[in-house]
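Shown next, in structure tokens, is the structure this report addresses.
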Amino acid sequence: MTPDNLRPPEWWTMTLEAFADTVLPGERRWDGDRAVAGAATGDGAVAAGALEVLQDPAGGIAGLLDGLVDDLNEHAAQYAAELGVVLDDAVPAFVGLQYAERAGLLQRLTAAGHPEKEVWVGLVMFSYMAFDAAPHMHTVDAIADGHPGLRLLGFQRPDATGLWRFDAFSYGRPLADLHPDTTPTGSPA
């Protein structure tokens, strides 16, 4: 592994982007994009804001990311050696793996019995959360900006008042009859 003082600062970002892209892949952002492997069409976790979610202090893992980036690259270097893969020293070890190799390493790190499973599963969850919930953005802004995950999931826009109201019950029927003493505002009498 390259010593800290010789690593370009973008290695940190590339490693986390490659991790998030492995969890929920997307298409490359430009020709030669090494962090996003291009294993899927459309936008994935990186385009959905995974880096912002991972770095948000409210999530409680931002302070752990430096160590996790180092650990992930160490695991990647060991995994590559096991597979006989020659890594490119111009990029972090995890980024130097092909998508299938990245996925194989993540399967190993999140497997039952792996001593670090909990931390890697946590990082997976935060990466996916960026796509399916956009917690780093106000929902109205995320929808207005065309957030890829919310768009794909079919998250409905608010009505003209800015509120979410639904004409039909989500199960296609009321779940229970209203109590006879319920007021027009929905409060019990």
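The values are calculated or read from the model by the stated rules, or taken from the named source; none is laboratory data. Just so you know, these numbers come straight off a predicted model, no measurement behind them. Note that each Cβ is placed from the backbone with ideal geometry, even for glycine, and that neighbours are counted across all protein chains shown. Remember, those area values only see protein heavy atoms, side chains included, never the ligands or the DNA or RNA. Shrake-Rupley method; radii C 1.70, N 1.55, O 1.52, S 1.80 Å.
Sort through 125, 129, 137 and tell me the only one that's at pLDDT 90 or above, among the aliphatic types (A, V, I, L, M) and over 16 Å from residue 24 (Cα atoms).
Numbers: 125 fails: over 16 Å from residue 24 (Cα atoms); 129 fails: over 16 Å from residue 24 (Cα atoms).
Exactly one residue qualifies, and that residue is 137.
Looking only at region 130-141, which residues are among the hydrophobic types (A, V, I, L, M, F, W, C) and either touching an Asp or Glu at 6+ places or on another chain (Cβ under 8 Å) or surrounded by 21 or more Cβ atoms within 10 Å (Cβ to Cβ) (or both)?
Within region 130-141, the subset among the hydrophobic types (A, V, I, L, M, F, W, C) is 130-131, 133-134, 137, 140.
130, 131, 134, 137 - these are the residues of region 130-141 that are among the hydrophobic types (A, V, I, L, M, F, W, C) and either touching an Asp or Glu at 6+ places or on another chain (Cβ under 8 Å) or surrounded by 21 or more Cβ atoms within 10 Å (Cβ to Cβ) (or both).
Within region 103-146, track down each residue that is assigned to a helix (DSSP H, G or I), of a type in the set (D, E, K, R), out of contact with any Leu (no Cβ under 8 Å at 6 or more places or on another chain) and closer than 22 Å to residue 43 by Cα. Can you show your working first?
So in region 103-146, the residues assigned to a helix (DSSP H, G or I) come out as 103-109, 117-132, 139-144.
With of a type in the set (D, E, K, R) added as a condition, the list becomes 108, 117-118, 132, 141.
Those left that are additionally out of contact with any Leu (no Cβ under 8 Å at 6 or more places or on another chain): 108, 118, 141.
Hit for region 103-146 is 141, nothing else.
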Single residue of region 34-53 satisfying the filter (on the phi > 0 side of the Ramachandran plot and within 15 Å of the chain's Cα centre (by Cα)) that is least open to solvent (accessible area, probe 1.4 Å):
49
In region 164-182, anything modelled with pLDDT of 80 or more and open to solvent by 90 Å² or more (accessible area, probe 1.4 Å) is listed as 177, 178, 179, 180
Is there a residue being without any contact (Cβ under 8 Å) to a residue 40 or more places away in the chain and over 28 Å from residue 148 (Cβ atoms) anywhere in region 40-58?
no
Please work out which residue is most open to solvent (accessible area, probe 1.4 Å), limiting yourself to region 66-88 and to residues that are under 15 Å from residue 99 (Cα atoms) and of a type in the set (Gly, Ala, Ser).
77
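From the list 103, 144, pick out the single residue that is surrounded by 10 or more Cβ atoms within 10 Å (Cβ to Cβ), touching a residue at least 40 places away in the same chain (Cβ under 8 Å) and not acidic (Asp, Glu). Explain how you work it out, then say what you get.
Numbers: 144 fails: touching a residue at least 40 places away in the same chain (Cβ under 8 Å).
One residue alone meets the criteria, 103.
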Among the residues of region 54-61, is any open to solvent by less than 40 Å² (accessible area, probe 1.4 Å), in a loop (DSSP other than H, G, I, E, B) and closer than 19 Å to residue 135 by Cα?
yes
